[in-house]
Amino acid sequence: MHVTRATLASRFRAAVGEPPMTYLANWRMLLASELLAAPTMTTARIAREVGYGGPFALNTAFKRRFGLSPTEYRRLKYPPRRHEFPSDA
């Protein structure tokens with residue numbers, strides 16, 4: 001069975017509520033935002049993991065979606081944890 005791209009896009013939109021490329025872009029951004037929780041993952045590695053050609057492309061798309069660079073987002077959303085020790089009091 002052959003389906004044209006237009007028909008597939010129309011069916012996808014009817015089923016999901018948004019066009020395929022919008023869905024893909026949003027899914028990539030969600031994954032990237034979650035991967036930023038790992039402090040040792042670089043933006044270059046995250047870009048590769050979610051399907052961008054490099055950190056610059058990820059940075060541009062991420063800023064468009066969240067209004068912050070991935071690095072700024074990481075600092076705000078996932079601040080470094082400080083070791084907490086019980087007080088002697």
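Any read-out appearing in this document is the output of simple, stated calculations on the displayed coordinates, not a laboratory observation. Just so it is clear, the model here is predicted, and its values are computed rather than measured. Positions of Cβ are generated from backbone atoms using ideal geometry, with glycine treated the same way; all protein chains shown enter the neighbour counts.
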Amide H proximity to residue 69 below 5 Å, modelled H, separation 5+ or other chain, gives none
Which GluC sites (Glu not before Pro) in the chain sit in a loop by DSSP (not H, G, I, E or B) and have at most 10 other Cβ atoms within 10 Å of their own Cβ?
84
Between (i) 1.21; (ii) 1.12; (iii) 0.96, which matches Rg/Rh (Cα atoms, Kirkwood Rh) calculated for the structure shown?
(i)
Apply 1/(1 + (r/R0)^6) to the Cβ-Cβ distance of residue 40 and residue 60, taking R0 = 25 Å, and write down the FRET efficiency to the nearest 0.05.
0.60
What dipole magnitude, in Debye to the nearest 20, does the chain give about its Cα centre under +1 on Lys/Arg Cβ and -1 on Asp/Glu Cβ?
340
Calculated [θ] (222 nm, deg cm²/dmol) that DSSP helices of n ≥ 4 give over the chain, each run adding -39,500 (n - 2.57):
-19000 deg cm²/dmol
Which trypsin sites (Lys or Arg not before Pro) from the stretch 1-86 combine a DSSP loop assignment with at most 11 other Cβ atoms within 10 Å?
81, 82
Rounded to the nearest 0.05, what FRET efficiency do residue 78 and residue 18 have when you use their Cβ-Cβ distance and R0 = 22 Å?
0.20
